[in-house]
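The values are calculated or read from the model by the stated rules, or taken from the named source; none is laboratory data. Everything numeric in this text was worked out from a predicted model, so none of it was measured. FYI the Cβ positions are ideal-geometry reconstructions off the backbone, even for glycines, and counts take in every protein chain you see.
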Amino acid sequence: MKEFRLALGDSFQEFSYPEEDILEILEPGEFPSPEDERELVKKALASPIDSAPLSQLVKPGNKVCIIFSDITRLWVRHHVFMPFILNELNGGGVKDEDIFALCSTGDHRDCTGEESRELLGVEAYNRLKGRIYNHHARDPREIVHLGTTTFGTPVEINRKVMNADRVILTGGIVYHFLDGWGGGKKAIMPGVCSRASIMANHSLALHPEWGKALDPTVCAGRMGENRLSKDSIEVASFVNPTFLLNVVINTEHKIGAVVAGNWITAHEEGAEICKRHYGVPIKKLSDLTIISCGGYPGDIDFYQAYKILYNADRATRSGGAIILLSECREGMGNEDFYHMFTDYENNMEREIALRKEYTIGGHMAFHTASMAEKFTIFTVSSLPDERVKHASMTPVKTAQEGIDKAKKILGPHPLTYIIPHGHKIFPYFGQCDCP
């Protein structure tokens, strides 16, 4: 028997599992010998990709907007690199009082003052105090309409961004189920766009033909043939960001790599780094996959946990089972998400509803319900049992209870993948992108 300790919120779930039934423990690839995080940031800023150094891209009197992620991206570790960005701007003659930070909430809730302090770190927070703002996707007073993309998406972006002389994108690069990769242009779309703009862009995830549900090219690990990703780049091009700094986080929850420079090509290089470390090839699909979101904040709500379930789908055979560890301290996380489960009887009704009025929460619920038709999903969380059942899943109190129930369905020796960091790895069977 092999002992396991998988993260759940701020705690852990412990269980034993027969080694002969484990296909593999799927873990990210090793990063090179770790360096001081600050040195990685300094090196990236000193040698930007396809760009002059940031200090040469600004001049005294410029109003500079730094876009940063919300609390669901606490793992990005903005507090490490934000002081260096501020210092670079100072080196170009821009004073702190001419710099402001905008939280790219997308259509999420506001970031609180305390959360902003935690995200940005004490030094950056104090230097920017009074000039840290939240984006509000549903407030027309904050939005300026700029035009329409070739895909038909209205380009509606936060007015503060468009009024700035220079715009800097920050974020973390991970596999993303819609845009191919996180980070990069996502700081703009959906980060600081109107709700209408976000939903129009995200609705490109639906297959162009009714009844075929989701477009298979809109998926994790793919950008070039991904029409939603291409649309996001078009939206961001209306801003024409000045500079980007993105990070890739290692399994020790520290910065393992930093890319800086051109907002498109630096991000593409970061995606390649991420692929090398977090794209994990598998030789066969499992009967059972046991997966953790990696703890808080990755499992802050079920809305975020969907992305981990998406990764488990990639590793598990149809008719198999998944045990999902996701604390969900803030509940379902999105009302559209929850009501897509409760308001419709089946996925045909859900697809009709999505095509009539698309929401990202509805999309994620639709796909979750589709996965629940494909697998038996046992969920360890703090959610009320009835909410888990509404999502067509089976609530269990512990990972061991899930294992016991899964074996009653699959037999005593299911071939099993165990994935301790489900928020980071992307299992692939065959090609390292979607079919």
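Just the residues that are in a loop (DSSP other than H, G, I, E, B), in contact (Cβ under 8 Å) with a residue 60 or more places away in the chain and in contact with a strand residue (DSSP E or B) (Cβ under 7 Å, 6 or more places away or on another chain), please, taken from region 190-202.
Hits for region 190-202 are 191, 192.
Got a number for residues in region 208-232 being more than 22 Å from residue 257 (Cα to Cα) and touching a residue at least 24 places away in the same chain (Cβ under 8 Å)?
Number satisfying all stated conditions: 15.
Would you check which residues across region 227-275 are over 18 Å from the mean Cα position of the chain (by Cα), in a loop (DSSP other than H, G, I, E, B) and more than 28 Å from residue 87 (Cβ to Cβ) and list them?
If the condition is that a residue be over 18 Å from the mean Cα position of the chain (by Cα), in a loop (DSSP other than H, G, I, E, B) and more than 28 Å from residue 87 (Cβ to Cβ), then 238 is the only one that fits.
Could you pull out the residue among 205, 164, 187 that is surrounded by fewer than 24 Cβ atoms within 10 Å (Cβ to Cβ), aliphatic (A, V, I, L, M) and touching a residue at least 40 places away in the same chain (Cβ under 8 Å)?
One residue alone meets the criteria, 164.
Could you please give the count of residues in region 320-331 that are within 19 Å of the chain's Cα centre (by Cα), crowded, with 23+ Cβ neighbours inside 10 Å and without any contact (Cβ under 8 Å) to a residue 60 or more places away in the chain?
Qualifying residue count, region 320-331: 1.
So which residues in region 390-431 are of a type in the set (D, E, K, R) and at pLDDT 95 or above, if there are any at all?
397, 401, 404, 405, 407, 408
Out of region 48-57, which residues are in a loop (DSSP other than H, G, I, E, B), at negative phi and touching a residue at least 60 places away in the same chain (Cβ under 8 Å)?
Taking region 48-57 and keeping what is in a loop (DSSP other than H, G, I, E, B), we get 48, 50-53, 57.
Next, from what is left, pick out any that are at negative phi: 48, 51-53, 57.
Across region 48-57, the qualifying residues are 48, 51, 57.
Looking at residue 41, is it crowded, with 22+ Cβ neighbours inside 10 Å, touching a residue at least 40 places away in the same chain (Cβ under 8 Å) and under 25 Å from residue 295 (Cβ atoms)?
yes
Could you figure out which of (1) at positive phi; (2) outside the structural domain of residue 173 (by TED's automatic domain parsing) isn't true of residue 93?
Only one criterion in (1) at positive phi; (2) outside the structural domain of residue 173 (by TED's automatic domain parsing) is unmet by residue 93, namely (2).
If you go through region 390-416, how many residues are of a type in the set (Val, Ile, Thr), out of contact with any Gly (no Cβ under 6 Å at 6 or more places or on another chain) and buried (at least 18 other Cβ atoms within 10 Å of the Cβ)?
Applying the first criterion (of a type in the set (Val, Ile, Thr)) to region 390-416 yields 394, 396, 398, 403, 409, 416.
Narrowing further to those that are out of contact with any Gly (no Cβ under 6 Å at 6 or more places or on another chain): 394, 398, 403, 409, 416.
Adding the requirement that they be buried (at least 18 other Cβ atoms within 10 Å of the Cβ) leaves 394, 403, 416.
The number of residues fulfilling the criteria is 3.
Condition first: of a type in the set (A, V, I, L, M, F, W, C) and within 26 Å of the chain's Cα centre (by Cα). Now tell me which residues in region 3-48 satisfy that.
4, 6, 7, 8, 12, 25, 26, 31, 40, 41, 44, 45
From (1) over 19 Å from residue 383 (Cα atoms); (2) assigned to a helix (DSSP H, G or I); (3) at pLDDT below 95, pick out the condition that doesn't hold for residue 280.
(2)
Here is a check on your reading of the model: is residue 287 touching a Ser or Thr at 6+ places or on another chain (Cβ under 9 Å) and assigned to a helix (DSSP H, G or I)?
It is false that residue 287 is touching a Ser or Thr at 6+ places or on another chain (Cβ under 9 Å) and assigned to a helix (DSSP H, G or I).
Can you say whether residue 151 is touching a residue at least 60 places away in the same chain (Cβ under 8 Å), in a loop (DSSP other than H, G, I, E, B), surrounded by fewer than 22 Cβ atoms within 10 Å (Cβ to Cβ) and hydrophobic (A, V, I, L, M, F, W, C), as far as the supplied structure shows?
In short, yes.
For region 360-389, what are the residues that are surrounded by fewer than 18 Cβ atoms within 10 Å (Cβ to Cβ) and either in a helix (DSSP H, G or I) or within 22 Å of the chain's Cα centre (by Cα) (or both)?
So in region 360-389, the residues surrounded by fewer than 18 Cβ atoms within 10 Å (Cβ to Cβ) come out as 370, 373-374, 382, 384-386, 389.
Selection gives 370, 373, 374, 382, 385, 386, 389.
Which residue, of 20, 24, 14, is in a helix (DSSP H, G or I) and at pLDDT 95 or above?
The conditions single out 20.
What are the residues in region 58-77 that are in a loop (DSSP other than H, G, I, E, B) and touching a strand residue (DSSP E or B) at 6+ places or on another chain (Cβ under 6 Å), if any?
Those that are in a loop (DSSP other than H, G, I, E, B) and touching a strand residue (DSSP E or B) at 6+ places or on another chain (Cβ under 6 Å): 58, 62, 69, 70, 77.
With the condition kept exactly as written, say whether any residue in region 85-105 is in a loop (DSSP other than H, G, I, E, B) and within 24 Å of the chain's Cα centre (by Cα).
Checked against the condition, which is being in a loop (DSSP other than H, G, I, E, B) and within 24 Å of the chain's Cα centre (by Cα), region 85-105 yields at least one hit.
Please find, within region 295-319, the residue that is farthest from residue 254 (Cα to Cα) out of those that are among the acidic types (Asp, Glu) and surrounded by fewer than 24 Cβ atoms within 10 Å (Cβ to Cβ).
Here the answer is 313.
Would you be able to say whether some residue in region 311-319 is more than 19 Å from residue 395 (Cα to Cα), more than 14 Å from the chain's Cα centre (by Cα) and not in a strand (DSSP E or B)?
Within region 311-319 (the criterion being more than 19 Å from residue 395 (Cα to Cα), more than 14 Å from the chain's Cα centre (by Cα) and not in a strand (DSSP E or B)), the answer is yes, since at least one residue qualifies.
Residue check, residue 31 against (1) modelled with pLDDT under 95; (2) more than 22 Å from residue 247 (Cα to Cα), all met but one. Which one?
Result: residue 31 fails condition (2) only.
So residue 292 fits all but one of (1) in contact (Cβ under 8 Å) with a residue 24 or more places away in the chain; (2) small (Gly, Ala, Ser); (3) surrounded by fewer than 24 Cβ atoms within 10 Å (Cβ to Cβ); what number is the exception?
Here residue 292 clears every test but (3).
What single numbered condition from (1) part of a helix (DSSP H, G or I); (2) surrounded by fewer than 20 Cβ atoms within 10 Å (Cβ to Cβ); (3) at pLDDT below 95; (4) of a type in the set (Lys, Arg) fails to hold for residue 127?
(3)
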